[in-house]
Every structure is written in structure tokens, then in C-alpha cells.
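Accompanying notes for the structure given below.
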């Protein structure tokens, strides 16, 4: 059951050949997908052999198979985590019922919308990152971004499979629309704002994979709890792949910090101007990028108080992070959850019905996870004897959605006036000068074992290969 | 033997990103975490390695040698910011080195009047962890022919995996193999020594394995047909076979570790095993740019008879200066390593004079005299006295010979 059939046109472990209608529909979608990849996938990558991880089965031994793959020949396919015998709906009004193997009629449109929204982010990030290969700081990093890209592509496949298999003609139309929207397009943009932002440089890319892909992790984890079993199994397998993306982001930023700290120690300076003269990214600039990506991504969780989130939960469609490990009634009729609100020029905490505060709860889980990554970054300057520490801005900082959307909040959590915001925004968020400086560092390094001046080599190579391994072969 | 050495599975907290994949994957719940670290329960983990491939960072693939009764506790692991340095658990007491090993070592190092001290920056070697009475059992994980199919010699690259038994080796060390069965007199076969051909962190980095370079012996030194018991046993091994191993041995023929140190390596045939180990060690650390040069003189009958010829040809010229000498290429004059040393006299003289250059000679006994004469000639040409130079080299532990 868990092995993947690569002899088929679409590799899968869902016995696709037994359902000819579905197989034909997906085989019809496949050329459109490949056309999208040719147009919007990583630029100039078609002739490269890349040392990639490809799933050859979904058990632990098989899903991390490493070998050189010519990029367009990567075998995107449909892989679901093995079914869990006797799995139940674990929360909401249907708690205790057997998990659904088909879409419950009354939840059809809402479930479709959840899947489309998740699916839309996957090709969006590939589009956002498509030019970055041209300015890679090393072969190791080039390989990593390609790995992220092909797996985002596979995550699109995972969502399109659900749409085709369970939503009939509507689902097929949504599958086509997923290939038609374009990140940042004025007429036909991607659904969520953060996925229409540009990813113009590698610092942005690493921040995006560290912070925004982590939103992906939490959304997938909440959907992995779903009572709709095919969605749950799909998301569970996607989560194993997502971990690599978070690693690329966290270690990427860590290596930039490492390099800057090394140069700071060698030249005994913390002057940003001097450090820029030495060709590294000063720590305050990195902090500003962190502020930006953290706040933009925070909006992806939606409003603090949301009746949609409440009904998704009650309907058994989307759970909480690690739902089954939480020790409560899993119905949340009478529970409360603390939510912030702005009262005059103060930020206060009120208790809201937990059911309506599920977005906020998921955001808090995500913040805790981001914070622990930031703590690990802080060990680098600490080790080097440099007093600088990175901090996450306040939840209300630079928000467009929810209770803070109408207010200006400083990184340290004060409600500030329009004037003060305008005065300080350039200290808190990357300015065009900052972005131009970071952009000016982006060159292309492709000699095995060599790294751009602004980033340190990784502690280990991929799959135990040496750091100077030829991770990408140009043909 | 004192306390039993084992490998303890750990997670490197400096690299781990806390993605929880390992804990999710572990079939027997040997992994847990707190708000700081992910840790492995020593008494639960059975080394099934299911968690290794899914880890996105490689942090999961960390191991330390510990005495079985004193593993790192969970409390210790939770408190770490980084992995502890490799410690040196109690090593087996000397004295139970097999007689055969003592005799072979004495013969092999006769050229330098017995084993010298190791280079000052050599890593501390473990020796004699496994005795004849209590050998380690290794599993064959690969056996490949290195010489061309039409070559007169069958030289093989054999990879032995030690599973969960600690078998730490350094480049230049040897291990003993005990062939199964008994000899014509009904006694167990003598142990045979083989130089390790892989670097200290394994034939595959991070794996508990090592490689040997073994030539199938089909004739004795005089050229009469004679089937070598142990070499034929090793060359015929198949993947999955188990082999009894003793050792490791060797505290002298070790490589320097300090940045800027250079190696001059002179070998013939399977004498290339320790050279391959040292070269590979240096190759894996190339990115660290520690400086120092590598110069290799390698003799064989013909390119097809030369083990590791293909991989050697692929090494960058600025990483290693390779000088082959072939003695049986049709239509070409016979050339031996000593001829190549004379040809490269200028650089050889410079390296002899460099206090950071260490010289290693390994191969058949017959090569020693020729190499010595070549060094003497090079010295004469550069106004030096070889016997004085050699005394200095020995005093500084810069000249190491193993011939058989």
C-alpha cells in the first residue's frame, strides 16, 4: 500500500489505475501543470541535474531517496500517508463518528474552499521564487531552493488530487484555476496577500521559508486533524516534506547571522555602515526583515475572532494544532481563550469564546514555534560575545487584518500615532535603501564548496554529502 | 578489555530545528523533547535508523562512543547547547596484543628501526579494543574489484560495517582479520593485518564502517603458486557475510592534523590503502582550506593494475600532486617510484626540508632500498646528507615506513 508506482504516468500510492475516470482527468491536468512549470517554475533550470530527494514510498525508509534528477523530469505524484485503522472524527459536533472517506454533502463547498485556499499557496511560492536561482550564493543553496520548489509543486498535486477525486466538475475547474492565477498579477492574483509579495532576494527567501512556510506547517497540521480522512492523510505526508523547507529557512538566516558575526568579531565593529562596506548584512537589517515577514505572515491566520474558524471546527473540517494531544472536551462549547483588543491607546486582553478564537490560537502556536527558532539564532551572537539579540515584534505590529488592522503598533507593543509610525517605520521595516543594499549582494556562486561573502557554509551537507559536493550539475 | 564500548545515538542540538519528524517517525518511541532539545533514550533506541533519512537537517545522525554502563543521560542531553566533544573512554589494557601482530609490526617497521612516535598533531588512536578471545563482528556491506578485469591482479575494495559496536580507527591504522576454519595442523588460522583504506569518519561519512584494500594472493614471493588463506577468504566475501575482526592496531603511522601540514606518500600496490585513507580525509576537509600539500608517488605494473586509479585521476591538480610509475606498460621503459622521486627532485628536496611535511612509505619490502637511494640522490643534488636528514626526520616523527 505504501509503495509508489513509478511505472505509471502519474506516480501514486492511491491505486489510481483502478479509477479510470479520475486517472484520465489527472492525466489531462498533467500537461497543463507541466506547461505552468515550464513558464513559472525556476528560471533557466531545465537543463540542470539536481541532487534531489524524491519519495519512492511513504514509509520512513523510502521517502528520502536522493539522486540526481533533471529538473523537468522530477516525478510529481500523489502520495498519502498510510490510513490509520479505525480513525474517528476527533473534534466538533461529529466527534466520535468514523472519519469520512467521502465529502459530506453539506460541507462540500466549504471544504472545497479550504482546499483551494491551501492549494493556491503552493504554486504561488514557486512563482515568487522563480528568479532566485540566478543569484544563488552556492550550489548547496541552489539545490535547496530547487528541492523546496519541486515539493511545493508536489503539494499542488496533492491538493488537485483531492479536488479531482472528491469534487467532480467543480473540483476540476478549480484545478485549472490554480494554474491560471499568478503571484502578484494585478488582474488574476493569488488568493492570499502574503503570496503576492515579491521574494526579491535570498534573505527574503530564507525569511519566507522560515516564517511563511511555518504558517504552511500549522495550516497543514490543523487540516491533518480533519475528519475528512483523505485530506488528513494528504496533509500528514505533506508535513514531512515541509520540515525541509523550514530547515532551509532557519539555517539560511542562521548562516547569514553567523557570517555577519564572524566579520564583526574579526573587524571589531558593529557599525552597520562599516559592515556593509565589508559586504555582509548588518544585524539590524536582518531584524527589519524579520519584522516584515513576521507581520505579513501573521495576517495569514485571519481575524482574531472568526465565525468561519468556529464553524470549520464544529463541522469537523479543520482542527487545532495537535488536536488529539490536547486534554479537553474537543467541542469547546464553554471554553474561553485570551484575545487582544485595542482600547483607546492601550492594548488589553479579553476572554473570548474559544471556538471563535481558533485563528488566534493557531497563530499563538505558530508564534511560539517561530520564537524558538529566533532563540536558536540568538545563540550565534551570544557565542561570539556580541550583545545584539533578535526579538519578535508585538503581535499587533504592522498588521492589516484583525483588531490591529486599524491601528499602528510599535514592535515593542505600544499603540502609536500616525505621526510616530511614519517617523519610525524606517527603523522597523526594511527601507528601499536596505532592500537595494541586500539586492546588491546577490551574485551567483556555482563553484562547489564556495559561498557568497555574506553567508557562512552550512555545518553539514545534504544527505551526509560533503559541503563541497556537486549538488547541481549544469549541462 | 575493560568496560564494553558502544555507540550512543544522539541529536545535535546546534543543527536540529525541532521539526518533530524524528519523534513522529520513531517506531518505538525512543525520541522525546522539551522546550529546548530533542533527545534519544539510550535504553530504548535499537539503532533501526528509521529516523535518519527523514531528518531534514542531519542533526539526527550523531553518535558518540560511550561505555555501555555510562551513556549520556536524558538530563544531560536536555541541558546541551551543543554535542559534547568525543571523549576517550577507557581503552583495553595493552599486553593482550596477539603475538602474530607484534611480529608483523616489528617486520613492517624494521626500515625505521621499529615504530617511531606519531606526528605531534596526530589524533590519539584507540588500539587493541578487540582481542582474539573477544573479536568484533563486522558485516560486509560491499566488495568491489578495483583492478581492470583483464589485469593480472585481483585487488578489492571491501567495506566492513560494525553496526552498533564501536570500532574507531585513524588513517594509517590496521585491523586484524581472523579467517574462519583451521590450518593443516588443525589449529586456528593466524590473524592477518590489513591497513584501513578509509578515513576516520567512515568509508561513508558518518557511518560506522571502514574499507580495506585486499589483493588476492595466488603466488608467494618467489612466484610459486600459493593460495593466500585470508586474502582469498576476504576477496570471496559477499555482502551480508560476517567477519571476525581484532584491533585496531598502530600508534605510529598516523597523519598530522595541524593546518598547513603536508604529506608525501610513496606506495606500491595495496600499500596505497593508508594513502587512500589519508587523501580521502584531506579531500573531505578541502573546504576548510587548512593549507598544506599532498604529493603522491604510486607504483604499479600498469594503470589497470593500480587500485583507485580512476578516483585518483579525478582529484583536482591543486589538491594533490600525483606521480605514477608503471613498470610493465608495453612499449614504454620500466619506471619505478624511485625514478619519479628523482625526476621531482626539486620539490622532494623542498618537502624534506619543510618541518611540516610528513613522509609515508608503504608497499612491498623490495621498494624500501630503492626509495632510500632515490632520497640519497636527491639530497646529494641539493647539497644535503641523506643519513643526517633521515636522522632528523625520525627524530621529528616525520618518516614512517610500513613494508611487507
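Is one or more of the residues making up the range A:242-257 away from chain B (no Cβ under 13 Å) and either under 28 Å from residue A:28 (Cα atoms) or buried (at least 23 other Cβ atoms within 10 Å of the Cβ) (or both)?
Checked the range A:242-257: at least one residue is away from chain B (no Cβ under 13 Å) and either under 28 Å from residue A:28 (Cα atoms) or buried (at least 23 other Cβ atoms within 10 Å of the Cβ) (or both).
Sort through A:383, A:450 and tell me the only one that's at pLDDT below 95, surrounded by fewer than 16 Cβ atoms within 10 Å (Cβ to Cβ) and either within 14 Å of chain B (Cβ to nearest Cβ) or within 25 Å of residue A:129 (Cβ to Cβ) (or both).
A:383
Yes or no, residue by residue, for (1) closer than 23 Å to residue A:367 by Cα; (2) out of contact with any strand residue (DSSP E or B) (no Cβ under 9 Å at 6 or more places or on another chain); (3) surrounded by fewer than 20 Cβ atoms within 10 Å (Cβ to Cβ); (4) modelled with pLDDT of 95 or more:
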site: A:151; (1), (2), (3), (4): no, no, no, no
site: A:174; (1), (2), (3), (4): no, yes, no, yes
site: A:179; (1), (2), (3), (4): no, yes, yes, yes
site: A:195; (1), (2), (3), (4): yes, yes, no, no
site: A:202; (1), (2), (3), (4): yes, yes, no, yes
site: A:207; (1), (2), (3), (4): yes, yes, no, yes
site: A:238; (1), (2), (3), (4): yes, yes, no, no
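May I ask you to list the residues in the range B:281-298 that are within 14 Å of chain A (Cβ to nearest Cβ) and either part of a loop (DSSP other than H, G, I, E, B) or touching a helix residue (DSSP H, G or I) at 6+ places or on another chain (Cβ under 9 Å) (or both)? Walk me through it before giving the result.
As a first pass, look at the range B:281-298 and keep what is within 14 Å of chain A (Cβ to nearest Cβ): B:281-290.
Selection gives B:285, B:289, B:290.
Which residues, counting only those in the range A:386-397, are closer than 24 Å to residue A:366 by Cβ and surrounded by 15 or more Cβ atoms within 10 Å (Cβ to Cβ)?
Scanning the range A:386-397 gives A:390, A:392, A:393, A:394, A:395, A:396, A:397.
Please work out which one of (1) within 11 Å of chain A (Cβ to nearest Cβ); (2) more than 25 Å from the chain's Cα centre (by Cα) is the condition residue B:62 fails and give its number.
Against the list (1) within 11 Å of chain A (Cβ to nearest Cβ); (2) more than 25 Å from the chain's Cα centre (by Cα), residue B:62 comes up short only on (2).
Based on this model, can you work out whether residue B:116 counts as touching a strand residue (DSSP E or B) at 6+ places or on another chain (Cβ under 6 Å) and away from chain A (no Cβ under 14 Å)? Before you say what the answer is, go through the steps one by one.
On the way: touching a strand residue (DSSP E or B) at 6+ places or on another chain (Cβ under 6 Å): no; away from chain A (no Cβ under 14 Å): yes.
So residue B:116 fails the test.
Among the residues of the range B:345-358, is any part of a strand (DSSP E or B), crowded, with 16+ Cβ neighbours inside 10 Å and in contact with a helix residue (DSSP H, G or I) (Cβ under 7 Å, 6 or more places away or on another chain)?
yes
In the list A:370, A:339, which residue meets the criterion of being buried (at least 17 other Cβ atoms within 10 Å of the Cβ), modelled with pLDDT of 95 or more and within 14 Å of chain B (Cβ to nearest Cβ)?
The match here is A:370.
Checking the structure you have, find out if any residue of the range A:240-250 is touching a strand residue (DSSP E or B) at 6+ places or on another chain (Cβ under 7 Å), part of a helix (DSSP H, G or I) and modelled with pLDDT of 95 or more.
Start the filter on the range A:240-250 by keeping residues that are touching a strand residue (DSSP E or B) at 6+ places or on another chain (Cβ under 7 Å), which leaves none.
So far as the range A:240-250 goes, no, none of its residues is touching a strand residue (DSSP E or B) at 6+ places or on another chain (Cβ under 7 Å), part of a helix (DSSP H, G or I) and modelled with pLDDT of 95 or more.
Please enumerate the residues belonging to the range B:235-259 that are in contact (Cβ under 8 Å) with a residue 40 or more places away in the chain and over 17 Å from the mean Cα position of the chain (by Cα).
B:235, B:237, B:238, B:239, B:240, B:241, B:242, B:243, B:244, B:258
Of all the residues that make up the range A:60-80, how many are within 14 Å of another protein chain (Cβ to nearest Cβ) and in contact (Cβ under 8 Å) with a residue 12 or more places away in the chain?
Qualifying residue count for the region: 7.
For residue B:43, which of the numbered conditions (1) modelled with pLDDT of 90 or more; (2) more than 14 Å from every other protein chain (Cβ to nearest Cβ); (3) touching a helix residue (DSSP H, G or I) at 6+ places or on another chain (Cβ under 9 Å) fails to hold?
The failed condition is (3).
Matching residues to (1) at pLDDT 95 or above; (2) in contact with a helix residue (DSSP H, G or I) (Cβ under 9 Å, 6 or more places away or on another chain); (3) within 14 Å of chain B (Cβ to nearest Cβ):
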site	(1), (2), (3)
A:407	yes, no, no
A:443	no, yes, no
A:456	yes, yes, yes
A:460	no, no, yes
A:467	no, yes, yes
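Of the residues that sit in the range B:303-326 and are under 16 Å from residue B:267 (Cβ atoms) and in a loop (DSSP other than H, G, I, E, B), which one is farthest from the other protein chains (Cβ to nearest Cβ)?
B:306
Given the criteria more than 14 Å from chain B (Cβ to nearest Cβ) and closer than 23 Å to residue A:267 by Cβ, does residue A:397 qualify?
No.
Quick check on residue A:89: is it touching a strand residue (DSSP E or B) at 6+ places or on another chain (Cβ under 9 Å) and within 14 Å of chain B (Cβ to nearest Cβ)?
no
Name the residues in the range B:20-40 that are at pLDDT 90 or above and at positive phi, would you?
Selection gives B:29 alone.
Search the range A:79-114 for residues being under 28 Å from residue A:327 (Cα atoms) and under 22 Å from the mean Cα position of the chain (by Cα), and hand back the single one that is surrounded by the fewest Cβ atoms within 10 Å (Cβ to Cβ).
Restricting to residues being under 28 Å from residue A:327 (Cα atoms) and under 22 Å from the mean Cα position of the chain (by Cα), the top hit is A:81.
Quick one: residue B:186 ticks every box in (1) under 21 Å from residue B:250 (Cβ atoms); (2) part of a loop (DSSP other than H, G, I, E, B); (3) without any contact (Cβ under 8 Å) to a residue 60 or more places away in the chain bar one, so which box is it?
(1)
Would you point out the residue of the range B:288-299, among those that are free of Cβ contacts under 8 Å to residues at least 40 places away in the same chain and surrounded by fewer than 17 Cβ atoms within 10 Å (Cβ to Cβ), that is farthest from residue B:370 (Cα to Cα)?
B:288
For residue A:377, state whether it is modelled with pLDDT of 95 or more, farther than 19 Å from residue A:146 by Cβ, crowded, with 20+ Cβ neighbours inside 10 Å and within 12 Å of chain B (Cβ to nearest Cβ).
In short, yes.
Within the range B:116-137, is there a residue that is in a strand (DSSP E or B), within 29 Å of residue B:263 (Cβ to Cβ) and in contact with a helix residue (DSSP H, G or I) (Cβ under 8 Å, 6 or more places away or on another chain)?
no
Please specify each residue of the range B:1-40 satisfying the condition of being at the interface with another protein chain (Cβ under 10 Å from one of its Cβ atoms), in contact (Cβ under 8 Å) with a residue 24 or more places away in the chain and in a loop (DSSP other than H, G, I, E, B).
Across the range B:1-40, the qualifying residues are B:12, B:13, B:14, B:15, B:16, B:17, B:19, B:26, B:36.
Need at least 1 residues that are touching a residue at least 40 places away in the same chain (Cβ under 8 Å) and touching a strand residue (DSSP E or B) at 6+ places or on another chain (Cβ under 9 Å) per element, so show me which helices (runs of 4 or more DSSP H) inside the range A:275-394 make the cut, counting only ones lying wholly within it. Let's see the steps before the verdict.
Numbers: elements: A:283-298, A:307-314, A:358-383.
The helices (runs of 4 or more DSSP H) meeting that bar are A:307-314, A:358-383.
The values are calculated or read from the model by the stated rules, or taken from the named source; none is laboratory data. All figures in this text were calculated on a predicted structure; none of them were measured in a lab. Heads up, the Cβs are rebuilt from the backbone with ideal geometry, glycines too, and the neighbour counts pull from every protein chain shown.
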